[in-house]
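The values are calculated or read from the model by the stated rules, or taken from the named source; none is laboratory data. Remember, it's a predicted structure, so these values are computed and weren't measured experimentally. Note: ideal-geometry Cβ built from the backbone for every residue, glycine included; neighbour counts use all protein chains shown. All accessible areas refer to the heavy atoms of the entire protein, side chains included, with ligands and DNA or RNA removed. Shrake-Rupley method; radii C 1.70, N 1.55, O 1.52, S 1.80 Å.
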Amino acid sequence: MNRRSVYNWFNQKYLKQEIIHEIGLLISHDFSVEFPELFRKTDFLQVQGGFHADNASDNSNYIWKDKYIELLEKYNTLLRSKVDSERHS
């Protein structure tokens with residue numbers, strides 16, 4: 001899953017149940033509270049320090065990837081500001 005996919009999902013009017021479930025597992029959130037008609041509490045059991053067992057080994061990669069993307073976004077914002085200020089000078 002990448003950041004672009006998440007942005008696209010949140011721009012949709014409706015999300016598939018499978019996507020909501022996957023997001024819940026990735027962010028360690030029990031969506032059975034918000035959607036009791038779709039999920040059971042056991043659908044979001046947490047293991048290995050808060051992460052679902054299938055994703056535990058990959059989560060450190062996602063953390064660093066997210067930090068890198070966040071830095072790139074800040075850098076791009078600074079570059080845009082600089083270009084804009086040079087245009088108006």
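General remarks:
- Taking residues in the range 7-25 that are within 13 Å of Leu38 (Cβ to Cβ) and in contact (Cβ under 8 Å) with a residue 12 or more places away in the chain, and partners anywhere that are open to solvent by less than 70 Å² (accessible area, probe 1.4 Å) and assigned to a helix (DSSP H, G or I), the pairs with Cβ atoms closer than 7 Å and at least 6 places apart or on different chains are His21/Asp43; Gly24/Phe44.
- Residue list for the range 72-89, restricted to those being among the aliphatic types (A, V, I, L, M), open to solvent by less than 80 Å² (accessible area, probe 1.4 Å) and over 18 Å from the mean Cα position of the chain (by Cα): Leu79, Val83
- You will find that of Ile69, Ile23, Ile19, Ile63, the residue that is modelled with pLDDT under 80, hydrophobic (A, V, I, L, M, F, W, C) and either outside any loop (DSSP other than H, G, I, E, B) or within 15 Å of the chain's Cα centre (by Cα) (or both) is Ile63 and no other.
- When the range 18-46 is filtered for residues that are under 25 Å from Asp66 (Cα atoms) and open to solvent by 80 Å² or more (accessible area, probe 1.4 Å), the ones remaining, listed by number, are Glu18, Ile27, Leu45.
- Scanning the range 1-13 for residues that are under 26 Å from Leu45 (Cβ atoms) and open to solvent by 100 Å² or more (accessible area, probe 1.4 Å) yields one hit, Phe10.
- The C-beta contact set for the range 31-56 (first residue under 14 Å from Glu18 (Cα atoms), second residue of a type in the set (D, E, K, R) and at pLDDT 85 or above, distance under 9 angstrom, 6+ apart or interchain) comprises Phe31/Asp43; Ser32/Arg40; Ser32/Lys41; Ser32/Asp43; Phe39/Asp30; Asp43/Asp30; Phe44/Asp30.
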